[in-house]
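Scroll down for the structure; my scribbles are underneath it.
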Amino acid sequence: MVSLGAKRAVQVALSVTLMVGLFYWAFRRVDLCAVAARIGTLPLDWLALLVVLNLLALGVRGWRWRLLVRPFAPQVTWLDASVALGICYSANVVLPRSGEFVRAVSLRRSRDASITATLATVVVERVLDLAWLAIFLGASLLLLRGRLEVLIPGAAVICTVVLAVCAGFLGMLAVASLHQERVLHWLSPRLARLPASLARRATRLLEAFLTGLQALRSPGAYAQIMVGSVALELAYTSIIWAAYYGLGLALKFDLGFTAALVIMVLSSVGVMIPTPGAAGSYHAFFAKPLVLLYGVDPAGALACATAVHAIATLTYAAVGVPAIFLQRRAARAAPPSAGW
């Protein structure tokens with residue numbers, strides 16, 4: 001049997017290897033001094049705007065997450081959720097994917113929220129992220145269909161199918177949230193046909209997912225989640241759009257909000273690759289499409305990707321790192337609480 005520590009070490013090694021490989025792929029044959037010089041042209045007022053936009057995105061995500069947490073932990077405030085997300089992003093820089101558990105621990109320490117129930121909402125949030133990312137990906141591809149048709153015949157049809165599938169998935173999610181007991185009753189005997197260990201794991205995941213859907217039991221909750229999800233994607237897009245202007249790329253290469261939306265979606269795909277803090281993967285999936293689709297020079301594209309990633313990472317760390325130490329100190333001083 002391989003120990004848990006050995007598995008974690010292998011995961012970390014693979015993650016770092018991925019990061020190094022993607023960094024090499026993104027930056028090979030590019031003058032690093034030119035990239036640094038381009039980043040140095042970012043004016044302080046645009047830098048400040050990017051910090052504010054990142055904080056806005058963090059706040060929007062915190063507000064949306066609080067909607068999911070509210071049924072079992074109404075004491076959790078918007079600020080609690082936003083700070084926990086800052087801690088999550090900071091932890092992911094050190095150990096990829098560790099932030100999901102760490103943010104649940106943060107709400108446990110700050111508001112005594114159940115770790116198990118909180119992790120269930122994290123599962124739901126990740127599914128929502130994937131669904132909305134796919135919808136925005138389909139929309140982005142439709143915006144690019146004129147360019148893509150040259151490379152991929154029938155690209156418009158493919159994009160339309162992607163949008164339809166994702167819209168259908170969100171509809172199924174809505175039905176599942178309204179009829180959780182029926183869904184569990186219908187799926188349980190079917191999962192039982194799987195091998196015992198796989199069936200147990202699938203059942204636990206399903207139960208956790210349905211637990212996380214507790215917030216979605218009214219039309220108002222659906223509307224709020226939808227507004228929060230769209231606002232979050234637009235906030236991330238605005239960060240990239242502002243970076244275009246701050247680094248002088250917008251006018252030079254005719255990069256508008258549509259170009260920012262496309263790069264936001266494609267770079268978000270890179271974030272899904274488990275590298276420390278999305279380093280390397282974000283840069284590659286941001287800069288390469290910017291060069292190939294919009295003709296931006298490699299140094300300018302990498303300067304934009306690096307600036308956006310670094311500002312976001314440092315902004316979240318400025319929120320998360322102090323909060324980690326403050327919560328740890330408070331946890332030592334408080335009596336231990338029972339259960340998860």
Next on the checklist: Quick check on Leu314: is it part of a helix (DSSP H, G or I), at pLDDT below 90 and in contact with a helix residue (DSSP H, G or I) (Cβ under 9 Å, 6 or more places away or on another chain)?
Outcome noted: no
Next on the checklist: Among the residues of region 330-340, are any part of a helix (DSSP H, G or I) and buried (at least 17 other Cβ atoms within 10 Å of the Cβ)?
Outcome noted: no
Next on the checklist: Would you confirm whether or not region 39-57 contains a residue that is modelled with pLDDT under 95 and within 18 Å of the chain's Cα centre (by Cα)?
Outcome noted: no
Item to check | Hits in region 236-285 (condition: β-branched (Val, Ile, Thr), under 13 Å from Cys304 (Cα atoms) and touching a residue at least 40 places away in the same chain (Cβ under 8 Å)) | outcome: Ile239, Ile240
Next on the checklist: Being at pLDDT 95 or above and buried (at least 21 other Cβ atoms within 10 Å of the Cβ): is that true of Val83 here?
Outcome noted: yes
Checklist entry - If you scan region 30-47, which residues turn out to be surrounded by fewer than 10 Cβ atoms within 10 Å (Cβ to Cβ) and aliphatic (A, V, I, L, M)? => result Leu44
Next on the checklist: I'm trying to understand the selection: among the residues of region 13-29, which are surrounded by fewer than 16 Cβ atoms within 10 Å (Cβ to Cβ) and not polar (S, T, N, Q)?
Outcome noted: Ala13, Leu14, Val16, Val20, Gly21, Tyr24, Trp25, Arg28, Arg29
Next on the checklist: Kindly evaluate Arg61 against the criterion of being in contact with a Leu (Cβ under 6 Å, 6 or more places away or on another chain) and crowded, with 18+ Cβ neighbours inside 10 Å.
Outcome noted: yes
Next on the checklist: Restricting to region 90-99, count the residues that are closer than 18 Å to Leu58 by Cα and crowded, with 22+ Cβ neighbours inside 10 Å.
Outcome noted: 4
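Yes or no, residue by residue, for (1) of a type in the set (Gly, Ala, Ser); (2) more than 17 Å from Ala57 (Cβ to Cβ); (3) out of contact with any Ser or Thr (no Cβ under 8 Å at 6 or more places or on another chain):
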residue: Ile225; (1), (2), (3): no, no, yes
residue: Leu251; (1), (2), (3): no, yes, yes
residue: Asp254; (1), (2), (3): no, yes, yes
residue: Ala278; (1), (2), (3): yes, no, yes
Item to check | Single residue of region 146-199 satisfying the filter (surrounded by 11 or more Cβ atoms within 10 Å (Cβ to Cβ) and of a type in the set (D, E, K, R)) that is modelled with the highest pLDDT | outcome: Arg182
Checklist entry - Out of the residues in region 215-230 that are assigned to a helix (DSSP H, G or I) and modelled with pLDDT under 70, which is farthest from Val69 (Cα to Cα)? => result Pro219
Checklist outcome for this item: Cβ pairs under 8 Å, 6+ apart or interchain, first in region 185-203 and without any contact (Cβ under 8 Å) to a residue 12 or more places away in the chain, second surrounded by fewer than 10 Cβ atoms within 10 Å (Cβ to Cβ), ordered by first then second residue, are Ala199/Arg193
Next on the checklist: I need the full set of residues from region 220-235 which are among the small types (Gly, Ala, Ser) and in contact (Cβ under 8 Å) with a residue 60 or more places away in the chain, in order please.
Outcome noted: Ala221, Gly228, Ser229, Ala231, Ala235
Checklist entry - Which is β-branched (Val, Ile, Thr), crowded, with 16+ Cβ neighbours inside 10 Å and over 21 Å from Pro96 (Cβ atoms), of Thr306, Thr237? => result Thr237
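The values are calculated or read from the model by the stated rules, or taken from the named source; none is laboratory data. The structure displayed is predicted, hence computed values, not measured ones. Cβ: placed from backbone, ideal geometry, glycine included. Neighbour counts: every protein chain shown.
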